[in-house]
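The values are calculated or read from the model by the stated rules, or taken from the named source; none is laboratory data. Small disclaimer: the values here were computed from a predicted structure and weren't measured. When we count neighbours, we look across all protein chains shown, and the Cβ atoms used for this are built from the backbone with ideal geometry, even at glycine. Note: accessible area is taken over every heavy atom of the protein model, side chains too, but ligands, DNA and RNA are not part of it. Shrake-Rupley method; radii C 1.70, N 1.55, O 1.52, S 1.80 Å.
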Amino acid sequence: KREIATRCLARGIQPIEREVRIRVTHEDFAKDYAMDLLFCWGSMLEGKAADRLVAAHRSQALNYLLLAGLKHGRLVNFRTERLQHEFVSTTLTLEERRRFSVVDHGWVEMNPASRELKLKTIELLEDWGALLDANLYREALVHFLGGPSSVCQSVEIFSGATPIGVQNLNVLGSDTAFALTMKQRQASFMRDHLERLLRHTSLKAIQWINLNHHLAEFATIRLSAGTN
């Protein structure tokens, strides 16, 4: 990456910045990202050394473009025998990403923390817009709900009445957990998965947030009466 910058400068392509910091903030929450190369304040290059370029690399590059307000970038993989490279582009503006709809007909406020979870999710979308990295929203919610030490807990898993292990979950009090996903497809599979997980814990509910493009979907997953 240093060599690319040096050669581009030698050919008059400037300015070029390396390891450009992108800081995302909301109230007292902050998270930093580092963009590999920025050319002429308008085009990004993100370098990888992987067996192949995968969806996670594309998502990361798109996340950087959206956060920096850029339209165009390129992913480059240096590890493969032949150089891999892909263009990553977006036409979405921040104002467009701030236009979202809330679907909450399946949501139940199990406790005060559930209400705070929903309100903070909507606040973040109103500030940052939709379609960013799921981990960014998730980390911010954990921060505002009390921080990792109180929210990120090991929940015991049972087979019948027998404890068989623990699962790390984000919790809202003693009997409710929450999950945030970005499922555009197979949302019903995710719901089934969360229901199965709930069935093997002593929790009463999982508050599920699914950020589906411009939809913020809120649902409370509870087991039907008599279900073990």
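Can you find, within the stretch 94-140, the residue that is least open to solvent (accessible area, probe 1.4 Å) among those that are under 17 Å from residue 217 (Cα atoms), of a type in the set (Gly, Ala, Ser) and over 16 Å from the mean Cα position of the chain (by Cα)? By that ranking, first place goes to 114.
It is to be established whether one or more residues within the stretch 7-22 are under 23 Å from the mean Cα position of the chain (by Cα) and among the aliphatic types (A, V, I, L, M). Yes; the residues of the stretch 7-22 include at least one that is under 23 Å from the mean Cα position of the chain (by Cα) and among the aliphatic types (A, V, I, L, M). Can you name the residue in the stretch 141-191 that is of a type in the set (Phe, Trp, Tyr) and under 22 Å from residue 110 (Cβ atoms) and is also surrounded by the most Cβ atoms within 10 Å (Cβ to Cβ) among such residues? The extreme case among them is 178.
Here the stretch 42-71 is the region considered, the condition is being in a loop (DSSP other than H, G, I, E, B) and aliphatic (A, V, I, L, M), and the residue that is surrounded by the fewest Cβ atoms within 10 Å (Cβ to Cβ) is 49.
Count, please, the residues in the stretch 63-92 that happen to be among the hydrophobic types (A, V, I, L, M, F, W, C) and touching a residue at least 60 places away in the same chain (Cβ under 8 Å).
The number of residues fulfilling the criteria is 2.
Filtered by the rule that a residue be touching a residue at least 24 places away in the same chain (Cβ under 8 Å) and open to solvent by 50 Å² or more (accessible area, probe 1.4 Å), the stretch 29-41 gives 40, 41.
Taking strands (runs of 3 or more DSSP E) as the structural unit, those lying wholly within the stretch 102-196 and holding at least 2 residues that are over 27 Å from residue 57 (Cβ atoms), in contact (Cβ under 8 Å) with a residue 12 or more places away in the chain and aliphatic (A, V, I, L, M) correspond to 152-159, 162-171. I'd like to check something: does the stretch 205-226 contain any residue that is open to solvent by 70 Å² or more (accessible area, probe 1.4 Å), under 19 Å from residue 110 (Cβ atoms) and touching a Ser or Thr at 6+ places or on another chain (Cβ under 9 Å)? Looking for residues that are open to solvent by 70 Å² or more (accessible area, probe 1.4 Å), under 19 Å from residue 110 (Cβ atoms) and touching a Ser or Thr at 6+ places or on another chain (Cβ under 9 Å), one finds none in the stretch 205-226, hence no. When residue 91 is tested against (1) assigned to a loop (DSSP other than H, G, I, E, B); (2) in contact with a His (Cβ under 7 Å, 6 or more places away or on another chain), only condition (2) is not met.
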